[in-house]
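Scroll down for the structure; my scribbles are underneath it.
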Amino acid sequence: MQVSSLNEVKIYSLSAGRSLPEWLSDRKKRALQKKDVDIRRRIELIQDFEMPTVSTKIKVSRDGQYIMAVGTYKPRVRCFDTYQLSQKFERCLDSEVVTFEILSDDYSKIVFLQCGRFVEFHSQHGHYYRTRIPKFGRDFSYHYPSCDLYFVGASSEVYRLNLEQGRFLNSLQTEASESNVCDINPVHFLFAMGTAEGKVECWDPRTRNRVGLLDCALSSVTADTEIEGLPSISALKFDGALNMTVGTSTGQVLVYDLRSSNPLIVKDHHYGLPIKSIQFQHQLDLIISADSRIIKMWNKDTGKIFTSMEPEHDINDVCLYPNSGMLMTANEAPKMNIYYIPVLGPAPKWCSFLDNLTEELEENPESTVYDDYKFVTRKDLENLGLAHLIGSSLLRAYMHGFFMDIRLYHKAKMMANPFAYEEYRREKIRQKIEETRAQRVQLKKLPKVNKELALKLIEEEGEEQQISKKRKQKNLPSLLKDDRFKVMFENPDFQVDEQSEEFRLLNPLVSKISEKRKRKLKILEELEAQGQEEEEEPEGKASDAESSESSDDEKGWVEEVRKQRKLLRQEEKLKRQERLKEDQQTLLKPQFFEIKEGEEFRSFKDSAKKQKLMKKTLEDRLKLEERLGTLNVSDTTVGSKQATFKLKKSEQQRKQQEAEKRHRQERKSLRRSASHLKSRRGRGQLFH
């Protein structure tokens, strides 16, 4: 039995034990059990509590006497009797089980939903009846007052099968494209289903109408969560009359009060894996949520983590034994795990001896039988002179090497290297000498890139160490030892260009300091070339003189900036003169263009505009034509759009139209003047 502790909560793994190699014979296993106390102290709570390959679902009957599990391969169901601590029966099935439900208090009435759209009923003696639903099912729930089975799956409909009448009833039509899970409230029998769109629909079985809709996908996205894609509902469970817990495919668990559309709390598993199971522990107000990697127990009011478990294999289902601290899991492995957590509750009555054993059998994490064997490669065997044993019974081939007895390995190593103790003693002496050398002044090894910057950081680090010793403060980490800035001293792309304009203007004061640093750097390089072990301090001026030179006043800083600006202007002037000389030397040659047949030459600007227009997308060209008035887009009564185009006219046509327009205007003015003269003549004749 293995015990672990997280947040001072002890978790006992009753199915854990020392792993035995598969290639060991039965005789050797029995011999190990006789001489090894750890193997003898293993606890096998229920005999053969496992599946041939994988277990997918596990449930406990309402009377607590039977534990039923389904798995593969071949598809089968196994029933374990807790009173006998052994397997009661095993039944093989035609197809794999998606989920199942125990309708009676014991194992006498069971319903299996299989992956081939089949629904299979089993009674106490075995197979009873088999039917089929129209679409592939994913989950189902049993409505006790009406004896109806509600099936959800790859369809927008919820199929109802009445077990009293023995026929299908009218299905419920939902707005979802597919549904993943469903559940019925045990108090007021409200039916809820989780959809692939991340919504939860609630239906009243009495009126067969939808009474509520929750958008869990939108509520699961908070400031602290990072999701990829649309979250769908992967788990759903009612807690009492008013509470409901929903699990999403992106690893969030949402706790709802049915009277509100907003979740009370959102808990993230931080693995991005679908939530597979949700259980409730009412004594401590805990929610037990599990994905394929971890089982988390947390407070339903505050969300504070209580404890967690990470099994060795992926989790398919979790079952909490009623009114106890026992937890069982179905895994992607033959063995089904059993955990006992005394804080959650007492041990079940059929294994009450666990309460006395748990405190006595607390153990550290066990080692395995592989500790008696040593893994060696072919090269190790050649170094030990045991290459001739390959193929014999003393070596067991495994992966890229071999397993051999640890005693044989130690004997061969002593014979191959009898002076191992002398080497160990020599290595210890060398380490002591290195420790004493570290106290002396050592040669500073500077990187290849940014040597001046590295030397500056080393000097600043030495000054900070002296200040921290005086003030009794902790030393700050150095940039040279930080892996985040490692590339800055290795990659030549990060080399600081001291001749650039930005560096010379921003660092006018460091010019004198950099000259001293260059002299010191040159001395260090000479010492490295000579291969000296110790570094002597170069002769120079006193520290007072150096400090007085390095601390320039504001006037010196301004003069240095002006000097740098003057130098930059001179360099820029020289560059301009060089460019002018190059431009004068180059001769401009005429460039000819050929016009295609049927085209008129207008200007180079028009052709450039035409090329730019052709490079634009259709949407941009349509918007441009709409602004120019050559395109008109309007909505029709049916709901579609109607577009009217006006052909673009050529220059010659436009000139011709303008001439015709002027001609029409001139004719109109002539007609007006002629009619005016006639009217005046008529009035004159009447007057005379």
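The values are calculated or read from the model by the stated rules, or taken from the named source; none is laboratory data. These figures come from a predicted structure and were not determined experimentally. All Cβ positions, even for glycine, are placed from backbone atoms using ideal geometry, and neighbour counts span all protein chains on display. For accessibility, only protein heavy atoms count, side chains too; no ligands or nucleic acids. Shrake-Rupley method; radii C 1.70, N 1.55, O 1.52, S 1.80 Å.
How much accessible area per residue does the range 2-363 have, counting only protein heavy atoms and a probe of 1.4 Å, in square angstrom?
Heavy-atom accessible area per residue stands at 47 Å².
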Expected sort for 155-165, 652-662, 383-393, 300-310 on mean C-beta neighbours within 10 Å, highest first, is 155-165, 300-310, 383-393, 652-662
Of the listed pairs K88/K109; K74/K335; K59/K237; K610/K655; K237/K267; K609/K661, those with alpha carbons more than 18 Å apart are K610/K655; K609/K661
Pairs K379/K428; K57/K199; K374/K432; K379/K411: which are spaced more than 23 Å apart, C-alpha to C-alpha?
K379/K428; K57/K199; K374/K432
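Can you give the net charge of the other residues whose Cβ lies under 12 Å from the Cβ of K411, counting K and R as +1 and D and E as -1?
Overall, the nearby charge balance is +2.
Can you give the Kirkwood hydrodynamic radius of the range 2-363 from its Cα pairs, in Å with one decimal? Can you show the working numbers first?
Numbers: mean 1/r = 0.0462 Å⁻¹.
That comes to 21.6 Å for the range 2-363.
Rounded if a/c is under 1.5, else prolate if a/b beats b/c, else oblate: with a ≥ b ≥ c from the C-alpha gyration tensor eigenvalues square-rooted, which is the range 368-433?
Numbers: a/c = 2.56, a/b = 2.06, b/c = 1.25.
Taking the square roots of the gyration eigenvalues as a ≥ b ≥ c, the range 368-433 is prolate.
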Which distance in nm do the two modelled labels at H125 and Y398 give, with both placed 7 Å along the Cα-to-Cβ direction?
5.1
S55 accessible area, 1.4 Å probe, all protein chains in place, Å² to nearest 10
0
Once ligands and nucleic acids are excluded and a 1.4 Å probe is used, how much of M614 is accessible, expressed in Å² to the nearest 10?
130
For the range 2-363, the percent of accessible surface on carbon and sulfur atoms (probe 1.4 angstrom, ligands and nucleic acids excluded) is 45
